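As structure tokens, the structure follows; a few thoughts come after it.
What follows draws every value from the coordinates through simple rules; no lab data is involved. Keep in mind that this is a model prediction, so the values were computed, not measured. Reconstructed Cβ throughout: ideal geometry from the backbone, glycine too, with neighbour counts over all protein chains shown.
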Amino acid sequence: MSAVLFVTDPLNGLQGDIDATIGLMSATQDLGLDIWCCQPEELAVVDGRVRAHARRIRLRPRRPSGGDHRWIVDSAWWDERDRAVIDVAGVDLVHLRIDPPVDQRYLHTTYMLDLVEAAGTRVINRPEGIRAMHEKLIALHFPELCPPTYVGAALPDLRDFVAAVGTAVVKPVDGFAGLDVWLVGDDHAAIALLESATHGGRRQVIAQQYLPTVEDGNKRLFLLDAEIVGAVLRRPSVDDFRIGPPVAVAEIDDDDRAIVAALRPHLRRHGIAIAGLDVIAGRLIEVNVTCPGGMHKTDALLGTELSLAMVRRLTESTLGVLT
């Protein structure tokens, strides 16, 4: 039987009812493939070969909850079937699914997986591509597609930027999952908020003009091999300006297609098979490439099969047509 390895954060820390990695695992299992998992700390290089202290698991049954973005599944959502030290290049496909930031732990993992790719096994997303395409900074290569943006740590310059755009969303360059994101207005609180966001001018941040149209929805475009395979709307909650879970299907328009067309050569050159683009009012906000999410939530909410479609196509292109 063919086998797929998922390099993940600890399984006990993944949320069985919403996590996109679990959705990809479930789809992999549905295609009849064995699922092996390991953490970055369980990888090692021995005589030039990458080995993993891995466990083979089987996911328990799940079903959409009906009416929201969650799945109904046992709190213990997986069962361990085996443990072994495996040659990572000996599996058929590797999914790199550890959460950002791309810190030393993340980078060291990508360098090990470079050896796996060199041995002929496909890694999704390609380790070199993750290093090359910084999720928040890659969009800056396309200023015509983005809202007004400033990147830096200098407080006077940040204050001037906020004054120029009126209100800005400020977030750390290495941030993720909506953590440590600030909404800064052109008022007497701006300096204090910017000091906190930059740790007193010592941490670089991204400041972007706040787009009020976000209340109509932040669009997540799901890309597979640089082509749009689905889209969903996410909106802020009534008591938080940050984006919440998916709420409705999103219409794909000409602005979306233009953004994807501009990014397509870069995504393909760097081997980014799965990506999630965040778009507000036709403006590109982020390009998620490290551990793109949202597919499993969307499948539960809308009854789509994004996870299965992605896994099927990636597996077929790697292993050949599945029966």
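If the segment from R203 to T318 were pulled out straight at 0.36 nm per residue, it would be longer than the present Cα-Cα gap by 37.3 nm.
Under 18 Å from a point placed 7 Å out from the Cα of D157 along the Cα-to-Cβ direction: which residues of segment 206-220 have their backbone N that close? Counting backbone N atoms under 18 Å from the label point, the list is 206-209. By the equivalent-ellipsoid construction on the alpha carbon gyration tensor, segment 28-183 comes out with semi-axes of 38, 23, 13 Å, ordered largest to smallest.
Note on the chain: with a GNM built from Cα contacts shorter than 10 Å, the maximum mean-square fluctuation among N218, N12, N288 falls on N12.
Between R235 and S65, the modelled labels are 1.8 nm apart [label points 7 Å from Cα along Cα→Cβ].
Counting only DSSP beta bridges whose two residues both lie in the chain, roughly 80 percent are antiparallel. Between the listed residues P148, M112, P101, the Cα displaced farthest toward the positive end of the dipole of segment 100-201, a dipole computed from Cβ unit charges relative to the Cα centre, is found at M112.
Going from the residue with the fewest nearby Cβ atoms within 10 Å to the one with the most, L11, L140 rank L140, L11.
Apply the Debye scattering formula to the chain, with a single equal point scatterer on each alpha-carbon and no solvent, then give log10 I(q)/I(0) at q = 0.07, 0.11 Å⁻¹. Taking Cα atoms of the chain as identical point scatterers yields -0.29, -0.72. What is the helix-to-structure angle for 155-165, meaning the angle in degrees between its Cα long axis and the longest Cα principal axis of the chain, kept from 0 to 90 and rounded to the nearest 10? The answer is roughly 80 degrees.
The alpha carbon centroids of segment 163-195 and segment 102-145 are separated by 27 Å. Segment A76..D216, full-extension length gain: 46.7 nm, with 0.36 nm per residue of separation and the alpha-carbon distance subtracted. Treating r as the C-beta distance of V247 and V45 and R0 as 56 Å, the FRET efficiency rounds to 0.80. Report summary: the helix-based calculation at 222 nm, which adds -39500 (n - 2.57) for every DSSP H run with n ≥ 4 and divides by the residues of the chain, gives -8500 deg cm²/dmol.
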